[in-house]
Amino acid sequence: MIEFILFYFAVLFAIGIYSSRKSKDPEDYFLAGRNFGPLVLFFTLAATNFSAFTFLGFAGKAYTDGLGQYGVMALGTSFMAIMFYVIGRKVWKMGKEHGYITPGEIMEGRHESRALRHIFNGVMVLFTIPYLAIQAIGAGFILNIMFPQISVKAGAILIMVAITLYVISGGMKAAGWTDVFQGGIMILAMILAFLFIAHSLGGVEKASITSYETMPSLFSRPGPNGYFTIQMYLSFFLLWIFADPMFPQIFSRFYTAKSEKSLKVAMYLYPLLISFFFLLPVIIGIWAHGAAVSVDNPDSVLLLMVKEYAPPAIFSLTMVGALAALMSTADSQLLSLSTILTCDILGKRVNYSRIITAVLASFAIVFVVLGYDPKAGIMGTLVKTTFPGLVVLSPSILATLYWSRANKWGCIASILSGEAIVFLSSRISLPTFGFLPAMIALLVSSVVLVMVSILTFKK
Amino acid sequence: MNKWWAVLAVMALISMDFWNWEKSEPFIFFLPYWAWQIFFITISLSIIFAIFAKQGWRDKND
């Protein structure tokens, strides 16, 4: 076990050090010199988006609510790949033409409003910190299962320190190249875990049938607890399409493409990977019912299944795979957030970005120590915080890229009204008609954008 | 361009398979029918996007 972990970290730090030698200027550090080819861009987009939520949260949610989890995740995320064309292509072009580095610079460039840029970037930073902390929590779980003497919180802090070190040394190049390595481990580990668990349970068919006999409702929607209603299904479908490109770690990847070919390849390989990669943790979570595994925390069900039904070597590899999934997301989040804060407040200086990276990692640790509610689970925490907060940015960026009458007042009003709904829905019960509150926020921010832009339009 | 959006809209409509709610059968291999439908929709999207990247996504002049 320890050999796997040491080898994994050795490779990460080696890539970090190698990348630092290859970085010559701020654009190299922040955006890898805008030089990611098709496969690197594909792997870095996938590894960045597939997080602790994918590796641990999917299995946990499937354990409690059934196979509907595959539908709500796979469909919306696959359709989201079209945003690599709708948003990614334009962002890439504008970034190359104007030298933009942060997402908000596009807003400022089009609307000539620094306030709008700060609001846009500020929302991204604010709502990504809980997501970053979730990665740390996931790491804490994994280390705690591997080494019970390390508490969840201590493990979370250790991993955040490790991530900070290699991000500080190598910037975007380190994040991108480690994503290729980590993405490979993550995919291999998940496939092997699935195959070995299936073998131990008497084959895939027997494993599913045993679970079906134990709890048939796992295999239909709305699932055992009635969670996957039609409104929820539609909500998540739209949420992934509009929220995922607003993750700063995804948005900033659009700038890093070497050419449009990189974006094209990423776009069509993305759903292909999702088709099976999202199914595997979901089905393992469901099989846990047939296997009668005792689960205290649903988010640990995948690791418990692997520990129980796969050889020790596969268990170790799966642990490293899970670490890879969350670290590849956390490093990109740290880098993109520190890039935004540095470029917006202090200017495009690499050394300042390194300091900001360390400060942000500290914030994430504080969230872990003080603010995380383990009863909410990974998905519950993100659905309440990050996803609704970021989805309201999508109308203003789409209007900025495609609608000539959109203006700064419309965009500012859209973002503020959407966030007001997000805030209100976290405090009081708003009428949502069975949809996620994030959908109401998306609707309100879209309507406000159109109305205010029209009312304040000047020829 | 419009034909590509039409294709995407059809795929989205098929994705919202409300008629399969409350159903877990027929079971094919180790999954219910509707889960295979999702699996093949995602594979189909990959193929559609690949064709779109070749024919509909113009690198210049747009």
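Every number in this text was worked out from the coordinates using simple rules, so none of it is lab data. Note that the structure is predicted; figures quoted are calculated from it, not measured. So basically every Cβ, Gly included, is an ideal-geometry build from the backbone, and we count neighbours across all protein chains shown.
So here's what we get for this one:
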read-out	value
Percent of C-alpha pairs per 20 Å bin, chain A, short to long	26, 59, 15, 0
Helix B:33-55 vs. chain B, principal-axis angle (Cα, 0 to 90°, nearest 10)	10 degrees
Residues B:Trp34, A:Trp403, B:Trp19, B:Trp4, sorted so that the one with the fewest Cβ neighbours within 10 Å comes first	B:Trp19, A:Trp403, B:Trp4, B:Trp34
Normalised contact order of region A:407-459, rounded percent, pairs of Cα under 8 Å and 6 or more residues apart	58 percent
Sequence of A:Ser220, A:Ser328, A:Ser151 once ranked by neighbouring C-beta atoms within 10 Å, starting from the fewest	A:Ser151, A:Ser220, A:Ser328
Neighbour-count order for A:Tyr29, B:Tyr33, fewest beta carbons within 10 angstrom listed first	B:Tyr33, A:Tyr29
Cα long-axis angle, helix B:2-15 against chain B (0 to 90 degrees, to the nearest 10)	10 degrees
Exposed trypsin sites (Lys or Arg not before Pro) absent - longest run of chain B, DSSP non-H/G/I/E/B, at most 11 other C-beta within 10 Å	B:1-57
Relative contact order of chain A, pairs being alpha-carbon contacts under 8 Å that are 6 or more residues apart, as %	31 percent
Under 15 Å from A:Lys206, Cα to Cα: aspartates and glutamates that are on another chain or at least 8 residues apart	none
Fully extended contour minus Cα-Cα distance, from A:Phe457 to A:Lys261, at 0.36 nm per residue	66.9 nm
For chain B: span of alpha carbons on each principal axis (Å, largest first)	50, 21, 10
For region A:413-459, Kirkwood radius (reciprocal of mean inverse C-alpha pair distance, Å)	11.2 Å
Span-rule helices in chain A, defined as complete DSSP H runs reaching 20 Å or more along the axis (Cα) with Kyte mean at least -0.5	A:2-22, A:114-146, A:152-200, A:260-277, A:312-341, A:350-366, A:408-427, A:437-455
Relative packing of A:57-67, A:111-121, which averages over residues the other C-beta atoms within 10 Å, highest first	A:57-67, A:111-121
Residue-averaged 222 nm ellipticity for chain A, from DSSP H runs of 4+ at -39500 (n - 2.57), nearest 500	-24500 deg cm²/dmol
Alpha carbon centroid spacing (whole Å) that separates region A:258-337 from region A:390-457	33 Å
